[in-house]
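Written out below as structure tokens is the structure these notes cover.
None of the figures in this text is laboratory data; all of them are computed from the coordinates on show. Remember, it's a predicted structure, so these values are computed and weren't measured experimentally. We place every Cβ from the backbone using ideal geometry, glycine too, and count neighbours over all the protein chains shown.
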Amino acid sequence: MPRTFYPRCTLKASMTRYEKPDYWSVKAKQEGYPARSVYKLQAMDEKFGLFSGHPKPGKVLDLGAAPGSWSLYALKRLGAGGFILGVDRSSLARDYDGGLLSGDRYCFLQGDLTSREIQEAILVQGPFHLVMSDAAPGTTGHPSVDALRSLVLAEAALEYADLALFKGGNLVVKVFQGGESPNLLKRIRERFKTAKSFKPAACRGTSCETYYVGLDKKSTNWADAG
Ligand SMILES: C[S@@+](CC[C@H](N)C(=O)[O-])C[C@H]1O[C@@H](n2cnc3c(N)ncnc32)[C@H](O)[C@@H]1O
């Protein structure tokens, strides 16, 4: 049996080690975002043009949207005609959004993104021009368990891209490196004209997380009729 590789990186249970605000967290609060994760999306947008490859106004599916930084960034990038569907089992932080997350350009579904009920609710709102997933499991400190749980969420994001992303659309998905994650990148490569692995500077140095980016979806499916 081949041994499965898990990198030596930090996945502390409940992330208690991350409580001290750092440069990115302070900057996020100063600039009106609830979480430092906004700078990961911004870096990927600047590098890959995530919001440029589709006709405007765009529709975006934001999986693992709470507390809301990626959604706020996307609302600003899409402009007046854009629409975002955010999904998370936790609530959004409303104290930074200036009302944006309560407007008619934003819809939030609270629940488990892997459940049948939430999937049905998402699909009726599609198709989308960009599917982005920053969803991450609560960590246990055991890299193999955490990588597996992360992969379940990333697989779900890829399924949403299969079912509800326009041809030509883009995908961003977070994974914890290790285990079967390279196989997921291979499957993204089959579906998109360009597929890359990218770790933004705002990721904590010790974190196992990285992002897979798929640009320009190749195939047609029911979503192309929308
Ligand atoms: C790193 S946070 C996302 C941060 C977000 N992108 C932002 O910028 O504010 C990861 C999120 O994934 C969510 N999550 C994890 N598993 C989930 C699931 N099965 N269904 C829905 N949300 C999930 C968590 O509740 C958490 O809010």
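For the stretch 121-210, lysine pairs separated by 8 or more sequence positions, or belonging to different chains, with Cα-Cα distances below 13 Å total 4. Tell me the net charge near Q110. Cut-off is 12 Å between Cβ atoms, Q110 excluded, with +1 for each Lys or Arg and -1 for each Asp or Glu. Computed value for this residue: -2.
Taking the Cβ of K27 as the center, what net charge do the other residues with Cβ under 13 Å away carry, scoring Lys and Arg +1 and Asp and Glu -1? Value of the local net charge: +1. Taking other C-beta atoms within 10 angstrom as a stand-in for reagent exposure, W70, W24 fall in the order W24, W70, fewest first.
Annotation note: GluC sites (Glu not before Pro) in the stretch 159-226 located in DSSP loop regions with a Cβ neighbour count of at most 16 within 10 Å are E180. Restricting to the chain, what percent of DSSP beta bridges are antiparallel, rounded to 5? Percentage antiparallel, nearest 5: 40.
Partner aspartates and glutamates whose Cα lies under 13 Å from the Cα of K218, excluding those fewer than 8 positions away in the same chain, are identified as D162, E190.
With only the Cα atoms considered, the stretch 31-225 has a convex hull volume of 112 Å³ per residue.
The relative contact order of the chain, computed from alpha carbon pairs under 8 Å that lie at least 6 residues apart in sequence, is 22 percent.
Summing Lys, Arg as +1 and Asp, Glu as -1, what charge do residues with Cβ under 14 Å from the Cβ of V152 carry, V152 excluded? Intermediate values should be presented prior to the final figure.
Values: positive: R89, R149, K174; negative: D112, D146, E155, E159, E180.
Within the 14 Å Cβ shell, the charges total -2.
The fewest-to-most ranking of V26, V173 by surrounding Cβ atoms within 10 Å reads V26, V173.
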